[in-house]
Structure formats: structure tokens, C-alpha cells
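Q: Shown below is the structure under consideration.
A short reminder: the numbers here are calculations on the coordinates, not readings from a lab. These numbers come from a predicted model, not from an experiment. Please note: Cβ atoms are built from the backbone with ideal geometry, for glycine as well, and neighbour counts cover all protein chains shown.
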Amino acid sequence: MYILEVTRGKKMLLTGSILIFGFMALAVFAPFIAPYDPDDVKVEERLLPPGEHHLMGTDGFGRDIFSRVVFGTRYSLFLALVVVSINLLLGLMIGSIAGYFGGLIDELIMRIVDILLAFPNIILALCIVGVLGPSVQNLILALVALGWVGYTRVSRGLVLSIKEQGFIGAAKALGGSNMYIIMRHIIPNAFPPLLVLATLHVSHTILSIAALSFLGLGVQAPTPEWGAMLSEGKQFIFTHPHVMISPGLAITLSVLSFNLLGEGLRDVLDPRAREVLNV
Amino acid sequence: MLLKITNLRVYFKSADGFVKAADGVDLELYPGEILGLVGETGSGKTVLGLAITRLLPKTAAVSGEVLYRGQNLLALPEEEMRKVRGRQVSMIFQNPLSSLNPALSIGEQIAEVLREHQGLKRKAAWQRAGELLELTGIPAKWIRSYPHELSGGMRQRAMIAIGLACAPSLLIADEPTRGLDVTIQVQIVELLHAVTKGVSPPRSMLLITHDLGVAAALTDRLAVMYAGKIVEYGRTGEVFRNPRHPYTRALLDSHPSNGLIATKGFSPSLINLPPGCSFHPRCKKARKKCAHEPPLVQRIGMDHGVRCFYA
Amino acid sequence: MRRLLIQRLVSAVFVMLIASFLSFLLLFYAPGNPAETIIRQQSGLDPTYAEIELFMKRHDLNRPFLVQCLQWLYLLTHGKLGVSLRTGEPVLEEFTARFGATFQLAVAAMALSVIIGLPIGVFAATKPNSLFDHIIRVVSLAGVSIPEFWLGLMLMLCFSLALGWLPCFGHGTVRHLVLPMITLAVGITASLMRFVRTSMLEVLNLDYIKTAKAKGLREVVIVWKHALKNALIPVVTILGTQVGHLLAGAVIVETVFSWPGIGKFFVDSIYARDYPVIQGFVLIIAAIYVLVNLLVDILYVYLDPRVRYEGRS
């Protein structure tokens, strides 16, 4: 059974990686792949259905949707990776401090974490963006405001178990400073499990960014971000539905590929699955 | 004859080859008799018990014959087999804490068997469940308690009450005393004796245990298992007085009352069994022949057999 | 058990206090003048300096931070959440008027998720690695990957525009409820299926399931009584966190379908910078979240006799 889980995990891992690799390639080589300038407004070509010249048709301003979807990869992927990286690093730092020093600092940090964890994060993100005004910086801020909490909790747990191992004591005995031990020993050891967590969070983040942009509270309209494209295209849904289909599919597929990767990693790594073998 | 097992083989497929948990086992159990199946952990005793009731995972390949009252259980359709379980053949597992459902009261866990097999209504089933608890030494007022609220001994009593619910003619008890305090062990042994020998007509039991003391106290006959095979069987008193297989002797010698003499080596992996007699690498009496030729069972007197060339 | 509940209640109050303070802090230091935005919205003209001054005075917006904060807390203790800058109605009344619609949507979606997700998760676990299990796995992964707002629009396109079966906007009849409910339910159903499957798989391998089989019980009884009763315990805790998902989803789904609930009202208030409403919403959402999690704790205690027992002693 465990072997089955692992093979299946590997399959998902592979599919997810290939898809992500594809999206990465789209983002990097966007100018070479996209047939048109994504911002090129041509009023006479507006709302063309998918066809020979425009693979996915054109939008309300006559821009080529395929080119916009390709360039959109840059925004969605890049923003999600930035948000997740900040969360990961922030959570790792704070969690390491809490776990390593323990005592009052730990108590204080974990209290805050517990309170923040008790709050639905997209609502707070909506509030922050809504109040501070929609912009990319505020979008990142909003998604970081609560995003670090999960990583803090997990890192703290990891650090607590790493701390018990011999080499930390040895490093201390050799006169390593606290900062040195955290940076040199604790963080490198806590990093791999957190990376799995981060992969799964990328998909959540892509969805949150798209949702906020769709509501007009994230990336703003002329930018070819998928959520923003859908927000712009909403008015044409009943007359020219093709405007809505491609960006939505792009979001779904990118989220799915990160979910496949994370899911696959979990299948391959999860030690609990091993127990199934012991009849 | 109540139960006759012939040439039973249970193989598990694993990444390194077949695990031969039972490799040609023959056993007989007469009505009203208690048969002890003894051997070290990993000798295949538990697998044998599960094979009789067909509770092994689907990955197990089982062959041979298990005749219960003349009916081959291994060939029975699943639905028929289900009606045998709990009604005619009951199992009592080791570690009652994990073997009892933590989310259901013990009363419910007894009553549901009665509802299933005897068609009792809710009230009648609970009534009977209370009586069964009393019978196994648990005051009936505990009927609504959950497994974690009971002590280890009480849990095992509840397990026995579940096993007895439909008055089966065969009990299979798998290490019923493992993990209990010595004083509690004695009580459980007494209870098991009372519910088998103490009823009329006496009930049969297959007692799977590694504890020779428990086996000596309860069983009429004994079968010693080593590496998936029965290496010696006979009347309990006879086997204890006159053990003929070197492994049986070693097992008896390792008992604290006999000075705790350890056998050298470890029990073999069931994947790579040594050729010839499985016990020969650890056997003091082994000769050349033992390493090549698997010994067959030799009868050495009334109802006493041993799987050894030099017994 | 009572200790657990008291502990939970205290932390709930604490969460609410922090939430209200944070929302207040955020809004106080927010850029842009709400008075300006609101007056412009109401009259369509750029307000004069005097008009702004008057508006701020009327709504106590020009007092110092601490005074405004204490005022807000004082009103809170009297059950007042202030007055909407947009409509002039008390915030609490605005919410109670709309809460029914959101509650209807959320409960319907949750019910649908449980009705579909639970049995499918259980079936998938009883036949692990079967074709059915694989299909369910792919479907559920897709389910958690689809953005709700897009799914809602696609459903509208399909069932309202193309097939003409269901209305796409509005509220009132059951027919109006169908599309928003499905949209909201898809993600929750998908994750519920996965949790139930994992949890069931774990339980089905435990010793007491072997006991249940040895008792000659029917497979139906073993799976749906012995296994599910234990497998549900972790699932219930997950449901608590799903409520956050549900609330967030409601905001988006209500906006897409013009569903007249608190989610849509909240988004409209954000657009309009209606500060008292935003503050009130944050507080109410926190309250709902805390309350639901409290209920989940109680349900957990009810489901798991082990916790019940420890609480009693």
C-alpha cells in the first residue's frame, strides 16, 4: 500500500513539476511566446472570438487574450512566489526565535500566533487592501499580514525537536553564539519540511491574489493579471463568454499544478503512510 | 472433531519475496478441548488464528483446508463466513484497549453482536449484555462506560464478554493475558477456564500464547510452532514432562522456573528460511542431514508427534 | 469539560478585543478621508472644506485616536457598532437585515458539502487505489483548484444562459439559491472528501475494526458505525477551519451572484470606505468564527468519549 502511495505520489510530483516548469517557461519567455503586445489596444478588433489570428480571441479593448494570459503568468506566479517566500522567511525567523529561546518570548509569540490563527485570513486581507487602497504593495502586505503565522507555528515545532539533537549542544559548547547557531544549524535543518508546506501554500496564494484582483482590490485593471482580466471581462460574460474562459482556466491549471506537486511531495514523504505496510 | 486444519499455508507477498507465515500446518481440535498454540513472537501463531476466521488482509495468499464441523471455512462465501464469525467462532484479541472501539460503550459493543446474530431487539440485547458483563465479572452498572474508562483487566473481561455473546462453540484467544499484571493474568486465566471447562457442554478454545505458564494452566493439548510449522504436538502434560523436539526443550528451558536458559541465535526471518529443518542453525543436536532435508512429523506414541529426525 | 469551555470563552473574548482594536487601528491610520469619499458619493460633487469639517464633526471623526478608540469600545459594550456612513442606519441593523441571506447560503452550501463529500470520502476509503478512488482524487484536486468567482460565472453561463434552467441573479426562491450554493460548496466538498478519506483509511487499519469483523458484523455496520464514528472526530475539527473558508467564499460568491448578504454588503462598504461597517464586519466575522469554533469544540467533546471522560475527572 505504501509502495502504491509512493508511486502515485511520484506520478503527481512529475505531472505537477512538468506543469509548473511549463508555466515558468511561459513567464520567462513571455515576449517570445506571445504573438502580440498584451497592452496593444485595437478598438477595431475588439471582442473577436477565438480564431486563426487570435488563439483565444480578443477582449473588450481588442487586446489579444492569449498574449495577455501568457504575460499574466508573470504576475500570478511571481506575486505568489514573493508572498510565499516572505511568509516562509518571516515565519521561519519568528518561529526559530520562539522555539530556540523559549520562555517568555516563546509564550508571547505563540499567544499572538494563536489569536491570529483564529481569524479567517482572506477577510483581513480584504480589509487591509480595502482600507489602504488597492495596489500591488498593499496586496502583498495583506497576504503577509496573516500568512506568516502558519509557518511560525510549524517552524517552532521543528526547531524544538532539532534543538534536542546533539549537534546543537556541541555547537554551544564550542562557543557558538545564539545567532550563529540559529543561522548555521537550526534554519538549514528546519527548511526542507517547510518547503513542502510552502508548495501547498503557493496554490492558496495564487487563488487569493486572483480573488482580490477580481474584486478590484488587488492588481489593477490594465495589467494582464488573470484575476484582473476576469474582473474586466465580467461585463461581457453573457455576450462574449470567451473573454472569461481562458484566464479562468489559466488560474485553475496553475493552482492545480502546485497542488499536484505539494500533494505528491506529501505522499512520498509522509511517514504515516509507512505504517500501512506493517500488517 | 470440531476443527481440522490440513496443510494450511499463508504467504504474504513482500518486496523481498514471500513471507511464509504458515507453511503447511496441520491441527486438530476436539469438542470441549482447549488446545494451546505456543511459540515465539513471529512464529506465525497469530496469523494462524486469523486465517481460521479469514480475517487476514487481502494481500495474504491462503491455501489448505480449515474444516469446522466438516465444512471448509476457506471455501465459504464471504456472507456465510460472516455468519460463522462471532456466532460459532469468536475471537478474543490481545491488547483490548486498541481492540475495543473507543467511540462505543461496552454495552453497545456486546449488544450489537446479539442484535446481529440472534435478532434480539435493542432492549433485550442490552439486558443480555448486562448479564454477560456480570458473567465475566464486571458489574452491570458499567454497561454504559467506554473502554478507556475501564482498567486493563476489565477491558479484557469485556472482550471476553463480547466473544461469549452468542455462545459460540469455539473461542480463539490470541494472547489474552499479554500486557496484564500478573495478578490480573491469573484472574483472566480463571475466567477463561470458567467459560470453557465450566460450562456444559464444555466449550472448545484455541489458546494462542507465548506464555508457557498460561498454556500449562489451561490447555489439554499443546502444539508448538516454529517458523510457520508445527514442530511438536501432544497432550500438555506429556509435552511438558517429555519434550522431544529440541526447540520445545529450549522453549521450556527458557521459562523462568527452569532457570531462564536462553537459546542461542534468533528466530529466522520468515522470508529466508534456512533449508532443511528451519531450526537447525540454532539446534544443539543438528547433524548434516538437518541442513538439507526438511524433517516430517514422526508419531512417537499416543497423540504425540514431533518434526525432528533425532527426537 | 467545563474548564475547557471557560478557557475557550475567555480566549474568544480576547480574540474579539484584539480584532476590534486592530480593525480600529487600521482604519484610523488609513490614507484618504472617508468624509470626502462619502460626500462625493452621495452628492456626486467634490465636497467643500466646510462640508467635510461638518461631516467629520457629526461622526466624531476628528477626535484624537484614543478618544475615538474608547468611544468605539464604550459603544461596543452597549451593543452598538456605530452608524453606516453610507446609509445612515446603525451598523448592527444593516447586518441583521442581511445576515439571514448569508446564513441561508452558508448552511445550504455546508449541508450540500456534507451530503456529497462525506459518503464519497467514505466509499473512496473502503476501496483505496481503486478506479473510483483515483477518479475522486483527481476530481477533488480539481475542486480545490478552481477559483470560486470563476466557477460561479461559468455555472451562470452554462445553466442560466445556455440552458436557461436557473436564474443567475437575485434572491428569494430555491431556484435562486442553487447556483450560489453549488459554487460555494465545490471547494468545501472537495476538501471534505479528502479529509474523510484520509481519516477513514487510518481508522480502517486499526485493531478494533478487526474486532468488529471478527464479531461477524455487516460491512455496512463496520464502515458506517465503527469506523465513521471514529473517523469523524478529526473531520469535525477540520469543519471548524472550513467555516473561515465558508465566510471568505460567501464574500466572493455573494458579490458574483449579487446575493444580498453581509458578504456583498461588506465588499460594497470597502469600495465606499464605509469605516464603521468595515469595523463592524470584522468584529462580527470574528464573533461568528469564534462561536462556530466553540460549537465545534462542544461537538468534538460529544463525539470523542475520551475527551468527555478526561473533562469529567
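Q: Using the Kirkwood formula over every pair of different C-alpha atoms, what hydrodynamic radius in Å results for the stretch C:226-313? Each step should come with its number before you reach the end.
A: Details: mean 1/r = 0.0666 Å⁻¹.
Evaluated over the stretch C:226-313, this radius sits at 15.0 Å.
Q: Give me the percent relative contact order of chain C, please, defined on Cα pairs under 8 angstrom at least 6 residues apart. Show your work: numbers first, answer last.
A: On the way: 331 pairs, mean separation 85.6, N = 313.
Relative contact order for chain C comes out at 27 percent.
Q: Using alpha carbons only, what's the Rg to Rh ratio of chain B with Rh from Kirkwood?
A: Ratio value, two decimals: 0.98.
Q: I'd like the chymotrypsin sites (Phe, Trp or Tyr not before Pro) in the stretch A:171-261 restricted to DSSP loop residues with at most 16 other Cβ atoms within 10 Å, sorted by number. Show your work: numbers first, answer last.
A: Details: sites: A:TYR180, A:PHE214, A:TRP226, A:PHE236, A:PHE238, A:PHE258; in loops: A:PHE238.
Hits after loop and neighbour filter: A:PHE238.
Q: To continue, here is another question. Counting C-alpha atoms alone, how compact is the stretch A:180-224: give Rg to one decimal and Dmax as a whole number, in angstrom.
A: Looking at the stretch A:180-224, its Cα Rg and Dmax stand at 16.7, 48 Å.
Q: Turning to a different aspect of this structure: Treat each spin label as a single point 7 Å out from the Cα along the C-beta direction, and report the B:ASP181 to C:LEU92 distance in nm.
A: Label at B:ASP181, label at C:LEU92, 5.9 nm between them.
Q: Can you tell me the FRET efficiency between B:ALA61 and C:ASN205 if r is taken as the Cβ-Cβ distance and R0 is 25 Å, rounded to the nearest 0.05? Don't jump to the answer; show the numbers that get you there.
A: Numbers: r = 20 Å, r/R0 = 0.80.
The pair B:ALA61/C:ASN205 has a calculated efficiency of 0.80.
Q: Grab the DSSP H runs of chain C that are 4 residues or longer, score each as -39,500 (n - 2.57), total them, divide by all residues and round the 222 nm result to the nearest 500 deg cm²/dmol. Write out the running numbers ahead of the final one.
A: Details: 13 runs with 236 residues, N = 313.
The helix contribution divided over chain C gives -25500 deg cm²/dmol.
Q: Another one. So which of B:LYS20/C:LYS210; B:LYS20/B:LYS197; B:LYS45/C:LYS215 end up more than 28 Å apart by C-alpha?
A: B:LYS20/B:LYS197
Q: With +1 on each Lys and Arg Cβ and -1 on each Asp and Glu Cβ, how big is the dipole of the stretch C:207-313 about its Cα centre, in debye rounded to the nearest 20? Could you put the intermediate results ahead of the total?
A: Numbers: 11 positive and 8 negative charges, 143 e Å.
Result for the stretch C:207-313 is approximately 680 debye, rounded to the nearest 20.
Q: Can you pull the three principal axis extents for the Cα set of chain C, in Å, largest first?
A: 84, 60, 30
Q: Could you name the aspartates and glutamates whose alpha carbon sits less than 17 Å from that of B:LYS285, not counting residues in the same chain fewer than 8 places away?
A: In chain and number order, the partners are B:GLU232, B:ASP253, B:GLU293.
Q: Give me the percent of DSSP beta bridges within the protein assembly as shown that run antiparallel, rounded to the nearest 5.
A: Taking every DSSP beta bridge within the protein assembly as shown, about 65 percent pair in antiparallel fashion.
Q: So what is the relative contact order of chain A, in percent, for Cα pairs below 8 Å that sit 6 or more residues apart? Numbers along the way, then the final one.
A: Details: 415 pairs, mean separation 79.4, N = 279.
Result for chain A is 28 percent.
Q: Work out how far the C-alpha atoms of the stretch A:1-96 reach from end to end along every principal axis, then list the three figures in whole Å, largest first.
A: Principal-axis extents of the Cα atoms in the stretch A:1-96, largest first: 57, 38, 21 Å.
Q: Separate question: Starting from the exponent 0.38 and prefactor 2.2 Å, build the expected Rg for the stretch B:89-167 from its residue count and divide its actual Cα Rg by it. Let's see the in-between values first.
A: On the way: Rg = 11.1 Å, N = 79, 2.2 N^0.38 = 11.6 Å.
Normalised by 2.2 N^0.38 Å, the Cα Rg of the stretch B:89-167 equals 0.96.
Q: Could you name the lysines in cross-link range of A:LYS42, using Cα to Cα under 26 Å and dropping any fewer than eight places away on the same chain?
A: The reachable lysines, counting only those whose Cα sits under 26 Å from A:LYS42, are A:LYS234.
Q: Can you give the relative contact order of chain B as a percent, counting alpha carbon pairs under 8 Å and 6+ residues apart? Mind showing how you got there, number by number?
A: On the way: 591 pairs, mean separation 64.3, N = 311.
Averaging sequence separation for qualifying contacts and normalising by length gives 21 percent for chain B.
Q: If I take the Cα coordinates of the stretch A:2-278 and project them onto the principal axes, what are the three extents in Å, biggest first?
A: Sorted largest first, the three principal extents are 75, 48, 31 Å.
Q: Whole-Hz Karplus ³J(HN,Hα) for the stretch B:141-148, in order, using 6.51 cos²θ - 1.76 cosθ + 1.60 and θ = phi - 60°, x for Gly and Pro?
A: Residue by residue, the stretch B:141-148 yields 5, 7, 4, 8, 7, 9, x, 5 Hz.
Q: Using the alpha-carbon centroid of each, what span in Å lies between the stretch B:294-311 and the stretch B:148-223?
A: Cα centroid of the stretch B:294-311 versus Cα centroid of the stretch B:148-223: 30 Å apart.
Q: Across 20 Å bins from 0, what is the distribution of all Cα-Cα pair distances for the protein assembly as shown, in whole percents?
A: 12, 34, 30, 18, 6, 0
Q: Oh, and also: Under a point spin-label approximation (7 Å from Cα along Cα-to-Cβ), what is the C:TYR49-B:THR41 distance to one decimal in nm?
A: So the label points at C:TYR49 and B:THR41 sit 8.8 nm apart.
Q: Using alpha-carbon positions, what is the distance between the centroids of the stretch A:215-261 and the stretch B:76-146, in Å?
A: The two parts, judged by their Cα centres, are 58 Å apart.
Q: In the structure shown, do any of B:LYS58/B:LYS288; B:LYS13/C:LYS127; C:LYS127/C:LYS213 have a Cα-Cα gap over 28 Å, and if so which?
A: Working: B:LYS58/B:LYS288 39 Å; B:LYS13/C:LYS127 20 Å; C:LYS127/C:LYS213 17 Å.
Violating the 28 Å limit, Cα to Cα: B:LYS58/B:LYS288.
Q: Mind checking which lysines have their Cα closer than 24 Å to the Cα of A:LYS172? Skip sequence neighbours fewer than 8 apart in that chain.
A: Counting by Cα, and skipping residues close in sequence, A:LYS172 has these lysines nearby: A:LYS163.
Q: Which order do peptides B:58-64, C:229-235 fall in by mean Cβ count within 10 Å, highest first? Can you show the working numbers first?
A: On the way: B:58-64: 13.6, C:229-235: 20.1.
Result, highest mean Cβ count within 10 Å first: C:229-235, B:58-64.
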